[in-house]
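Step one of this worksheet: look at the structure below.
The values are calculated or read from the model by the stated rules, or taken from the named source; none is laboratory data. Keep in mind that what you see is a predicted model, and the values were worked out from it rather than measured. For the accessible areas, the whole protein counts, side chains as well, though only heavy atoms, and no ligand, DNA or RNA atoms are used. Shrake-Rupley method; radii C 1.70, N 1.55, O 1.52, S 1.80 Å.
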Amino acid sequence: MAELILTGFHAVEESVRNAAIKKENVSAMQIFYSNPGPRIKKIIQQANKIGILVTQTDMKTLDEMTKNLGVAERDHRGIVIQIKGVNSRPSNIVDFDNWLYELNQSTDKANHITVVILDSVTDPHNVGAIIRSADQFGASLVLLPERNSANKVNDNDVILRTSAGAAAWVPVSVVPNLVRCVEKLKDNGFWVYGADAGGTSVQEGKFAGKTVLIMGSEGSGISRLLKEQCDSIVSIPTCGKIDSLNVSVATGVLLYEIYRQGL
């Protein structure tokens, strides 16, 4: 039976909170902890309220449970949550066409809607960090391509941990063709902004109420066909001596600016 191991305070807290709100996965979850400090006690209290099984163990056992995870994820801080079975798949995965239809049918028309498109971003740590920024700055959807992207089963664990639980809340859609999705978004009133060097400074530009932000890979940038769909290319002014910002950092900066303009 498949299982997912999430580590650290943020990821465990968000998993418990998500289960409490959505009433999902409770029976498939089990929390293991060592020394119950104040923050762990708070998590245990929340878990007990909704019926998640909680087991006290030792650090050696937790180390054993997390030994096959990435280096950062092995730093479990004395608490892990285990989610068993097929329902451990993130419940935030959505169908793009359904998402767009529901957006148009909604009677609650938001003034600002942001869609983030990740073109060939293959590092799951970057994807997780971007999803975390998407949560913090109110993005409504993250789009990933089926190919040349961090969206495989093995990547999902890293994405969940790196997002520190935000992946439970931010809608994500994996699609076969990003260009077609952009065309549909433009037909529905979205303006498309690509992030690349040599574009309009983000300090000078103005984002539309319905914004699509396209981020390319650090190696090859945004693909030609997607760049042709952009209404504008935006850049972040920097003063460092290296070539560019990490894609997850750049996305966070741009999402903050989009959020700030919408306040």
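Cα gyration tensor of segment 195-236, axes a ≥ b ≥ c as square roots of the eigenvalues: rounded (a/c below 1.5), prolate (a/b > b/c) or oblate?
Values: a/c = 2.08, a/b = 1.36, b/c = 1.53.
Since a/c reaches 1.5 but b/c is at least a/b, the shape of segment 195-236 is classed as oblate.
With a ≥ b ≥ c the root eigenvalues of the C-alpha gyration tensor of segment 210-263, is it rounded (a/c under 1.5), prolate (a/b larger than b/c) or oblate?
Oblate, since a/c reaches 1.5 and b/c is not below a/b.
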Where both residues lie in segment 175-242, what percent of DSSP beta bridges are antiparallel, nearest 5? 10 percent
For LYS210, other-chain or 5+-apart residues with amide H closer than 5 Å (H placed, Pro excluded) are ILE113, TRP191
Sequence order, segment 132-142: Karplus ³J(HN,Hα) from phi using 6.51 cos²θ - 1.76 cosθ + 1.60, θ = phi - 60°, Hz rounded, Gly and Pro as x, gives 5, 5, 4, 5, 5, 10, x, 5, 8, 7, 10
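Return the percentage of antiparallel bridges among DSSP beta bridges fully within segment 26-88, rounded to the nearest 5 %. Could the numbers behind the result be given before it?
Numbers: 5 of 9 bridges.
The antiparallel fraction comes to roughly 55 percent.
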Whether segment 175-246 is rounded, prolate or oblate, judged on the alpha carbon gyration tensor where a/c under 1.5 counts as rounded: oblate
Along segment 215-222, what does the Karplus equation 6.51 cos²θ - 1.76 cosθ + 1.60 (θ = phi - 60°) give for ³J(HN,Hα), rounded to whole Hz, x for Gly and Pro? 10, x, 6, 5, x, 10, x, 7
Give me the percent of accessible area attributable to carbon and sulfur for segment 196-263, probe 1.4 angstrom. 52 percent
